[in-house]
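Written below as structure tokens is the structure these notes are about.
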Amino acid sequence: MTSGVRNTPAAILAGALGRHGADLVFGLPGGGPNLDVIEAMSAGGIRFVLAHGETSAAIMAAVYGHLTGRLSAAVVTRGPGAASAVNGAAQATLDRHPLVLITDTVPAASADRIAHQRLDQPNMLGPVVKASITIGSDPGLDELTNLLGHALAAPPGTVHLDYDTSVVHHPHPGLSPDPASEAAQSDQSARSPRSADTAASVDGAETSDGRRIRSLIAGADHPVVIAGLGAIGPADRPTATLDAHLEAFGAPVLTTYQGVGTMPSEHRLAAGLFTNGASERPILERADLIIAIGLDMVEPIPAPWSYGAPVVSLASTPTIYPYLPLAAEVIGDPTRLAARLLTGGHRWAHDAGAPHREAVRAELLAAGGVDDPTVLGPLDVVTGLIAAAPDGLITTVDAGAHFLAVMPLWPVVEPRRLLISNGLATMGFSIPAAIAAGLANPGRPVLCLVGDGGLGMTAAELETIKRLGLPVTVVVFNDSTLSLIRIKQQPGPDDAEVVSYRETDFATVARGFGLEATTVDDRAGLAAALADRWDRPRLIDARIDPAPYRRLLSLTRG
């Protein structure tokens, strides 16, 4: 390492990340400036984790930041590396995970003569990031630290850094130097007048909308709470949870996929999931007031809103899309707002949520099961996993039909124990997310649930799991089909060709990467495979019958 490394732009960037607590970054190195950045990070005590794909690296970094509250980064090369990282940057932004994406670039000083790998990376990434910043020579440490903080500012997302030391560094003109002011100055053109008028920090409870919400809650006989991703609180402040206030209030609580764990899933008030689908309809149709806490409009499926009850919102950032017919909204810390506003004498029974939750589960198990014990259905896999799961397990779930079986049944005791991409809903999420979960929680077992389509996208990261020695159990729901798409497909002469793969032996693939692996095709084989070995990398190739998926989709989504 050269003697002047501490004064280089790469060293200043590493220092800014270090100020945000970064201890791990992920990526694929290229040459030149890309390696300089990784070297400077190593010198600053930040470990580099090598991935097989840039999208996977970005997801690893984003989920690691989400789980730890510490900023992480994905370091990728220019051109193909930046292009490959776009989906990972989009995942972080739409799933509200913090991420710094660092790309080197064709130097501006040479751009007139170099076309090779030259892309307009800021404009390519602009639609999927919160900000794109060019880091030139001699950036200020304080300024850069503050700019990186925008990745963590509510709502979290991706900040892209284009690293080009051939240009003089200038302050970024489109960002406030103070990330705390971001909620007040971002997306102004998209906000409704109501949102702009009521963006009043934690004292929003005392605005006119706050007083109206208090009055509506006090007068409601059957209020229902929907807790979204904004309700789980920051990872670095785990005591900032809502469950005590929700329990004292005593109304049923529905949670979104990313809000799962706000109220423990088996609690008497936990009514199950909110997706704006069919399964929650009976309880929402009884509601005379719907209280959305931390509900982000990236979370519901885009079905029409059909409920007549007034909707009020308690959130940390204003609602900028008018999807819900909000009667009132207050802005501030959701936990503190709930403590001040959730009061009233409603008429719900003591166990307001459990009867609805258990009725939904019973209907799913009855309609989605497979009678033949020699055939393995998706619900058989899920119930077998629930029975065998060790304490402290963290579970990651990929996009695909299998999540229809997983999400309504999976027990979750606290936030961030069940991870899924919901805002982007991208396939290829669960394996890199499982790697991040294993690194963020050393020694804790991790379960990765993935379909054959998602595993096909990320199979090379099985080697990463093995190389890092992570206690990750990968279970692949293997039916050689994109089953969720097949359900939605119009019948035609080539329908199978569009959504079907040839049968793949993922157990053999996993062994090639060094994992222990087994294939199961019935309940007894699954139980035997799950009996132990949660402390090491392994894969279970579960050969399933996809027939129940159509019924599960109808019951949950309508």
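Can you pull out the residues in the range 69-80 that are over 13 Å from residue 103 (Cβ atoms) and in contact with a strand residue (DSSP E or B) (Cβ under 9 Å, 6 or more places away or on another chain)? Quick ask: steps written out before the conclusion?
Step one: of the range 69-80, the residues over 13 Å from residue 103 (Cβ atoms) are 69-72.
70, 71, 72 - these are the residues of the range 69-80 that are over 13 Å from residue 103 (Cβ atoms) and in contact with a strand residue (DSSP E or B) (Cβ under 9 Å, 6 or more places away or on another chain).
If I filter the range 298-308 for residues that are in contact (Cβ under 8 Å) with a residue 24 or more places away in the chain, under 21 Å from residue 214 (Cα atoms) and of a type in the set (A, V, I, L, M, F, W, C), do I get at least one hit?
Looking through the range 298-308, none of the residues is in contact (Cβ under 8 Å) with a residue 24 or more places away in the chain, under 21 Å from residue 214 (Cα atoms) and of a type in the set (A, V, I, L, M, F, W, C).
Could you list, in sequence order, the residues of the range 467-485 that are part of a helix (DSSP H, G or I) and either modelled with pLDDT under 70 or out of contact with any strand residue (DSSP E or B) (no Cβ under 9 Å at 6 or more places or on another chain) (or both)? Talk me through it step by step, then tell me what you get.
To start, the set of residues in the range 467-485 that are part of a helix (DSSP H, G or I) comprises 467-468, 483-485.
Listed by number, the residues that qualify are 483, 484, 485.
Report whether or not residue 119 is outside any helix (DSSP H, G or I), over 27 Å from residue 433 (Cα atoms) and either in the same structural domain as residue 17 (by TED's automatic domain parsing) or more than 28 Å from the chain's Cα centre (by Cα) (or both).
yes
Is there a residue in the range 62-72 that is basic (Lys, Arg) and more than 18 Å from residue 16 (Cα to Cα)? Before you say what the answer is, go through the steps one by one.
Initial filter on the range 62-72 (basic (Lys, Arg)): 70.
Of the ones still in play, those that are also more than 18 Å from residue 16 (Cα to Cα) are none.
Looking through the range 62-72, none of the residues is basic (Lys, Arg) and more than 18 Å from residue 16 (Cα to Cα).
Conditions (1) more than 25 Å from the chain's Cα centre (by Cα); (2) within 21 Å of residue 121 (Cβ to Cβ); (3) of a type in the set (Gly, Ala, Ser), marked per residue:
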site	(1), (2), (3)
10	yes, yes, yes
17	no, yes, no
23	no, no, no
28	no, yes, no
44	yes, no, yes
54	no, yes, no
76	no, yes, no
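So that you can scan it fast, the table gives a plain yes or no per residue for (1) small (Gly, Ala, Ser); (2) closer than 30 Å to residue 519 by Cα; (3) over 25 Å from the mean Cα position of the chain (by Cα):
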site	(1), (2), (3)
303	yes, no, no
314	no, no, no
321	no, no, no
334	no, no, no
340	no, no, yes
343	no, no, yes
349	yes, no, yes
374	no, yes, yes
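How many of the residues in the range 216-238 are under 15 Å from residue 309 (Cβ atoms) and not in a loop (DSSP other than H, G, I, E, B)? Spell out the reasoning first.
Narrowing the range 216-238 to residues under 15 Å from residue 309 (Cβ atoms): 216-217, 219-226.
Imposing the further condition that a residue be not in a loop (DSSP other than H, G, I, E, B) reduces the set to 216-217, 219, 223-226.
Number satisfying all stated conditions: 7.
Consider the range 219-255. How many of its residues are modelled with pLDDT under 90 and among the β-branched types (Val, Ile, Thr)? So that I can check it myself, show each step before the final result.
If we filter the range 219-255 for residues that are modelled with pLDDT under 90, which is where we start, we get 233-243.
Narrowing the set further to residues that are among the β-branched types (Val, Ile, Thr) leaves 239, 241.
The total comes to 2.
Could you pull out the residue among 36, 95, 23 that is surrounded by fewer than 24 Cβ atoms within 10 Å (Cβ to Cβ), at pLDDT 95 or above and among the acidic types (Asp, Glu)? I'd like the intermediate steps shown before the answer.
Working: 36 fails: at pLDDT 95 or above; 95 fails: surrounded by fewer than 24 Cβ atoms within 10 Å (Cβ to Cβ).
Only one candidate qualifies: 23.
In this structure, is residue 78 at pLDDT 95 or above and not in a helix (DSSP H, G or I)?
Numbers: at pLDDT 95 or above: no; not in a helix (DSSP H, G or I): yes.
In short, no.
Residue-wise test of (1) modelled with pLDDT under 95; (2) closer than 19 Å to residue 164 by Cβ.
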residue	(1), (2)
13	yes, yes
17	no, yes
40	yes, yes
47	no, no
57	no, no
60	no, no
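Report yes if some residue within the range 298-308 is over 18 Å from residue 234 (Cβ atoms) and part of a strand (DSSP E or B); otherwise report no.
No: the range 298-308 contains no residue that is over 18 Å from residue 234 (Cβ atoms) and part of a strand (DSSP E or B).
Is there a residue being β-branched (Val, Ile, Thr), surrounded by 15 or more Cβ atoms within 10 Å (Cβ to Cβ) and at pLDDT below 65 anywhere in the range 179-199?
As a first pass, look at the range 179-199 and keep what is β-branched (Val, Ile, Thr): 198.
Add one more test, that the residue is surrounded by 15 or more Cβ atoms within 10 Å (Cβ to Cβ), and what stays is 198.
With the extra rule that they be at pLDDT below 65, the set shrinks to 198.
Yes, the conditions are met somewhere in the range 179-199.
Among all residue pairs at least 6 apart or on different chains, which show Cβ distances below 9 Å where the first residue, located in the range 83-107, is assigned by TED's automatic domain parsing to the domain that holds residue 160 and of a type in the set (Phe, Trp, Tyr) and the second is in a loop (DSSP other than H, G, I, E, B) and surrounded by fewer than 22 Cβ atoms within 10 Å (Cβ to Cβ)?
none
Please enumerate the residues belonging to the range 333-367 that are surrounded by 22 or more Cβ atoms within 10 Å (Cβ to Cβ) and not in a helix (DSSP H, G or I).
342, 352, 353, listed by residue number.
The values are calculated or read from the model by the stated rules, or taken from the named source; none is laboratory data. Predicted model, so just to flag it, every value in this text is computed and none were measured. As a convention, Cβ positions derive from the backbone with ideal geometry for all residues, glycine included, and neighbour counts pool all protein chains shown.
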